[in-house]
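Heads up: the structure comes next, in structure tokens.
The values are calculated or read from the model by the stated rules, or taken from the named source; none is laboratory data. Keep in mind that this is a model prediction, so the values were computed, not measured. A quick note on method: Cβ atoms are made from the backbone with ideal geometry, for glycine too, and the neighbour counts reach across all protein chains shown. Remember, those area values only see protein heavy atoms, side chains included, never the ligands or the DNA or RNA. Shrake-Rupley method; radii C 1.70, N 1.55, O 1.52, S 1.80 Å.
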Amino acid sequence: MTVSVIFTFLIFLFLLKDRLLVALLFFPLIIYFLTYDLRDTIEVKSLMVNKSFRDYTNYLIYGLILYLTTILLLLIDNQVFKNISLIKRRYWTYSFNRLRIWFYLISFLTFLGAIVNFSHVNFSFELLLLNPRDYEFTFGASTFINYLYFLAPVAICLGIYLKVNEQRLRFGWFILLFLFLSSVLHGVKFTVFDTVLIPSFFYFYLKKRYVGKRLPIIIFFILLLFYLLFSTFIRGVGESPISQILSYILPNFVNLANSLNQKVFQWEGLSILIPDKMPGLFNEFYLLSEEGFVLNDLYNMQTAYLNYYRFAWYLGPLLFLLPIVIIRRYLINIWSFNLRNLFVLALIDYCLLFIFFFHAFTKTKYWYLFFVILIVHFSSRTNSKQVNE
């Protein structure tokens, strides 16, 4: 199955114009079927410590639905909405002085959050080496300060926007470097991923997808090296680099297979649309299977595919991802240097990238960053004009 999915992926990669969307939608799908094909191997069976199962029937059926849904989404994106660019485009202009003030202010708040949080662990990584989980909780003990610390992606995107528009920033490169490095202090992989990848997608769209091949390759290998070092010395379970990578992606899909095997019909209301820090609606009516550390005490993730399934069963992926793909295509086709639109595009692609790990679209932190960029956008814009193209 994996070979046929990869073959389809390569065909779409060369036939369709939006290769990034092809990669984002096919990447988790390839892992999905790879997990199925490896179901009888030591790598997968070793993940079942507390409990085991052998029936992958529902998992395979759902996988075929996901496969067809992915193809349909890509065809819709490529064909139905390609003429949406004929609409009037609105171009915003900004006060660079206000954006510069926002950049320095948000950078300062990020630094303040980083210093205060780091003081919680006595400005030392000792606890991180001894007990990474305690270090994480101690570091981020204050929710308010934590959300100041999480502002780094917004500050970096503003810095990139000003630099691309040839605006002078005193100590700009030094501040950007410190913002990137400050993400390492948290001792959490996703804080680093947020700080590197969201601005990377933002830059990609700001440059209208003309960034060359070198920069993405460099970013990929830097993050891969970071992940391998983090997993080896801080919080990992594998021995070789390959086993480290497999231990990050395979358990999520094995947990999903177990969930589908336990209960065919599951439902979680509209929680797929609600930020995760907010209370769910009609919780008492939810129909869920076991989740968390069911198969193994080390792994509890189940991929965003489970969220789609609990949203509308086999129609869940199409009903949720189709509006996302439409919004994404709409934003791409109304090209403008609009901070709000560029940041939303970056968040969408970032969330799609991590379908294999969790449902990032409901992460409260990303909604928070979105509202911050909205404030910057509306407080800094000067005027706009419409252009027919």
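Some points to look at:
- Selection of first residues in segment 2-21 that are over 21 Å from ARG329 (Cα atoms) and modelled with pLDDT under 95 and of second residues that are surrounded by 12 or more Cβ atoms within 10 Å (Cβ to Cβ) and not hydrophobic (A, V, I, L, M, F, W, C), restricted to Cβ pairs under 6 Å at least 6 apart or on distinct chains, gives the following pairs, ordered by first then second residue: THR2/ASP37.
Table: residues versus (1) part of a helix (DSSP H, G or I); (2) surrounded by fewer than 16 Cβ atoms within 10 Å (Cβ to Cβ); (3) out of contact with any Phe, Trp or Tyr (no Cβ under 8 Å at 6 or more places or on another chain); (4) of a type in the set (Phe, Trp, Tyr).
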{"site": "VAL192", "(1), (2), (3), (4)": "yes, no, no, no"}
{"site": "PHE202", "(1), (2), (3), (4)": "yes, no, no, yes"}
{"site": "LEU246", "(1), (2), (3), (4)": "yes, no, yes, no"}
{"site": "ILE249", "(1), (2), (3), (4)": "yes, no, no, no"}
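- Filter result (under 16 Å from LYS365 (Cβ atoms) and either free of Cβ contacts under 8 Å to residues at least 40 places away in the same chain or touching an Asp or Glu at 6+ places or on another chain (Cβ under 8 Å) (or both)) within segment 173-186: SER183, HIS186
- For segment 212-238, taking the residues that are open to solvent by less than 80 Å² (accessible area, probe 1.4 Å), out of contact with any Ser or Thr (no Cβ under 9 Å at 6 or more places or on another chain) and in a loop (DSSP other than H, G, I, E, B), the one that is nearest to ASN341 (Cα to Cα) is identified as GLY212.
- Residue count, segment 21-48 (criterion: touching an Asp or Glu at 6+ places or on another chain (Cβ under 7 Å) and either farther than 17 Å from GLN79 by Cβ or surrounded by fewer than 19 Cβ atoms within 10 Å (Cβ to Cβ) (or both)): 1
- Residues located in segment 128-160, provided they are in a helix (DSSP H, G or I) and modelled with pLDDT under 90: LEU128, LEU129, LEU130, PRO132, ARG133
- Enumeration of residues in segment 88-139 that are loosely packed, with under 14 Cβ neighbours inside 10 Å, of a type in the set (D, E, K, R) and under 30 Å from LEU298 (Cβ atoms): GLU126, ARG133, ASP134
- Any hit, segment 273-284, residues being assigned to a helix (DSSP H, G or I), within 30 Å of THR195 (Cα to Cα) and open to solvent by less than 10 Å² (accessible area, probe 1.4 Å): no
- Pair list, Cβ < 6 Å and 6+ apart or interchain, from segment 144-172 residues that are open to solvent by 30 Å² or more (accessible area, probe 1.4 Å) to residues that are at pLDDT below 95 and small (Gly, Ala, Ser): none
- Taking the criterion of being farther than 30 Å from PHE265 by Cβ and in contact with a strand residue (DSSP E or B) (Cβ under 8 Å, 6 or more places away or on another chain), the residues of segment 305-364 that qualify are ILE334, TRP335, SER336, PHE337, ASN338, LEU339.
- Search result, residues across segment 263-272 that are surrounded by fewer than 16 Cβ atoms within 10 Å (Cβ to Cβ) and more than 22 Å from the chain's Cα centre (by Cα): LYS263, VAL264, PHE265
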